[in-house]
Amino acid sequence: MLSNPLDFEKPIAELDDLIGELKKVGSDPAERQEAVANGIDIEAEIGRFEAKRELMARKIYSSLTPWNEVQMARHVDRPYTLDYIGMIFEDFLELHGDRNGADDPAIVGGVAKLGSQQVVVMGHQKGRDLKARQLRNFGSARPAGFRKALRLMKMAEKFHRPIVVFVDTPAAEANLLAEEDGISMSIAICLREMVTLTVPIIVAVIGEGGSGGALGIAVGDRVIMLEHSVYSVIPPEGCAAILWNDRSRAADAAGALKLTSKHALEFGLVDEVLEEPLGGAHRDPVEMANRLKSAICGALGKLVSVDGETLTQGRYDRFRNMGQWIELESTPQPAHSSLPAELARESGEGKG
Amino acid sequence: MARGGWFSRPSRSDGSHMNMPEGLWTKCPGCSEITFARDLERNLNVCPKCGYHHRLSLSARLALTVDEGSFEEIDSGVASQDPLSFPDYSTKLKRDMAKTSMNDGVTTGRATIEGLPLILGVADFGFMGGSMGSVAGEKVVRAMETGVKENKPVVLFTASGGARMQEGLFSLMQMAKTSAGASKLDRAGVPYVVVLTHPTTAGVYASYASLGDIILAEPGATVGFAGLRVGNQNMGVKLPDDFQTSEFQFRCGMVDLVVARKEMRATLARLLAFFGEGTVDAQ
């Protein structure tokens, strides 16, 4: 039953196979008769294994490691931005181009209706098969993608329409062309301008929140994460390479980076984590879309009546206050002098 | 470029010091010329033969850049925590605090150049690779807010491997935080100058380091988005020799001027004169 099971889902997949076998036996008159003759109650057996499967699935999905969460976030069957747009919005009209020479298919966007509310919606787009993956550049946006996103956001501001953003990218594109075209600058400008937009911005991290490429379109008033999405400053593979010179230790790095939705909520860096259907959004996309829709509508309901000045001030304060630091006794000497040893010791552990 | 990558420490890692009296001679990573350390210092830590710009200590940078004795540090007490309990992070913090006598890599304060006031920030790559965690983000934003409050231009010398992974998502958010600070400067009409020094990459380059009204760069500095290790993503495309350097970014239109160290003070003075004092009030 489980398509494309991940390694930790294999026990569930095996039970599914077993249940499938039993059902086949049950529906074949000859085999059924033989089973009955041997004293086997097929329906009871199926029921027993289904109960076992349910228990096992609950246990497995409630004790996922951070690396398992990364695997879930990257699952090939996971709904992507355009899937959610199709399920949540009406009258979506995709708009194209960065007005500067290119259209990046790794970021999609356009106008849509959410209930009776006209909105601008956009997000990173991954591809499901090889061809689509190449077209979408694996969801890694180029400078043109960020410019398109910003252009659409400015248009939303002009027409006083709220913005809904879906985040799902491994990272921004980092090749020669992207560098020549100013990938850093295009992200930086998005970050700066999003703070100043006078319309509500709702962000949902639906899969991979991959560093600057994710944050570049994620400066929102309300930031939602799906339960099995991740949000990280660096891909766990890259972190492992830097820390231990060993990309295969990505699972350890995922643990150290605390990149799960649960951690992001705990840190106060996102507002809400949406529970996914058992086994992940991809096991019941329609149910996930319904939950996401009501979360987006709920957030919008609170934000649409807020005036632009209050919104931008709130957004500034929100991001401006992110971080954890302590304030030691200022050292009044010119330039720098050594910290007293006891202060230096404190600074790693204090509270601020 | 003779450098091995962005994180290499040219003056120490090549082993060329081994047979030489400690600190007396320096081998240039640019051209292998061996220079008497004092001569190198006299030449602003620029190789007399090939013009390679060695990294500068904070005090050397201040001495070269601002009016003597004018620098007055602010926010020096802001220090890191370890919100993720990340492996070895507290140890590394303590080590680098002891090594540099600083609480973190970014130093900020008030200063003047040719008598013109500014808010100055200088990043030190020697503190955990100049990486941007909560402290760097906080100090950069405070410098910007001080610039707004006191209506003084903000000049930031950047040097960073990017966001500090040991603070995870907190570090990533510093990109949004510092960029928000830059938006505040825009709104208030306060000038903002970035000077890219070796190396400025990743999360720092993709946030406040790219948002100056004017962006200057030191010659030969590594400046780029992702590390050279992703070169294989270029699928056989040959990278230009100067890929991800100041000169490359200049060629691509991302940098206003590549400014040699000996010209930096004069260039900043010229810009400060253009901005003028009390820009906002004068409108």
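Please pick out the residue among B:165, B:173, B:144 that is crowded, with 24+ Cβ neighbours inside 10 Å, under 17 Å from the mean Cα position of the chain (by Cα), under 21 Å from residue B:80 (Cβ atoms) and within 12 Å of chain A (Cβ to nearest Cβ).
B:144
Given the criterion of a type outside the set (Phe, Trp, Tyr), more than 7 Å from chain B (Cβ to nearest Cβ) and in contact with a helix residue (DSSP H, G or I) (Cβ under 7 Å, 6 or more places away or on another chain), identify the matching residue among A:218, A:264, A:240, A:214.
Criteria check complete, one pass: A:240.
With the checklist (1) more than 21 Å from the chain's Cα centre (by Cα); (2) loosely packed, with under 15 Cβ neighbours inside 10 Å in hand, flag the one item residue A:134 doesn't pass.
(1)
Look at residue B:200 and say whether it is crowded, with 24+ Cβ neighbours inside 10 Å, farther than 17 Å from residue A:315 by Cα and of a type in the set (Ser, Thr, Tyr).
yes
Quickly run through region B:26-52 and pick out the residues that are of a type outside the set (A, V, I, L, M, F, W, C) and in contact with a helix residue (DSSP H, G or I) (Cβ under 6 Å, 6 or more places away or on another chain).
Correct list: B:26, B:29.
Would you check which residues across region A:223-243 are in a loop (DSSP other than H, G, I, E, B), more than 25 Å from residue A:163 (Cα to Cα) and touching a residue at least 24 places away in the same chain (Cβ under 8 Å) and list them?
Within region A:223-243, A:235 is the sole residue that qualifies.
Tally the residues that are part of a helix (DSSP H, G or I), more than 7 Å from chain B (Cβ to nearest Cβ) and surrounded by fewer than 24 Cβ atoms within 10 Å (Cβ to Cβ), restricting the search to region A:179-189.
1
Would you check if residue A:111 is crowded, with 19+ Cβ neighbours inside 10 Å, farther than 23 Å from residue A:230 by Cβ and in contact (Cβ under 8 Å) with a residue 40 or more places away in the chain?
Yes; evaluated as a whole, the condition is true for this residue.
Can you report the number of residues in region B:39-80 which are acidic (Asp, Glu) and within 8 Å of another protein chain (Cβ to nearest Cβ)?
3
Residue check: is residue A:224 β-branched (Val, Ile, Thr) and either within 8 Å of another protein chain (Cβ to nearest Cβ) or within 16 Å of the chain's Cα centre (by Cα) (or both)?
yes
How about region B:22-130: which helices (runs of 4 or more DSSP H) wholly inside it have at least 2 residues that are surrounded by fewer than 16 Cβ atoms within 10 Å (Cβ to Cβ), in contact with a Ser or Thr (Cβ under 6 Å, 6 or more places away or on another chain) and not aliphatic (A, V, I, L, M)?
Output list is empty.
Among (1) surrounded by 14 or more Cβ atoms within 10 Å (Cβ to Cβ); (2) of a type in the set (A, V, I, L, M); (3) modelled with pLDDT under 95, where does residue B:235 come up short?
Status for residue B:235: all satisfied but (1).
If you scan region A:149-178, which residues turn out to be in a helix (DSSP H, G or I) and under 18 Å from residue A:210 (Cβ atoms)?
Within region A:149-178, A:149, A:178 meet the criteria.
The values are calculated or read from the model by the stated rules, or taken from the named source; none is laboratory data. Just so we're clear, the structure is a prediction, and the values are computed from it rather than from any experiment. Reconstructed Cβ throughout: ideal geometry from the backbone, glycine too, with neighbour counts over all protein chains shown.
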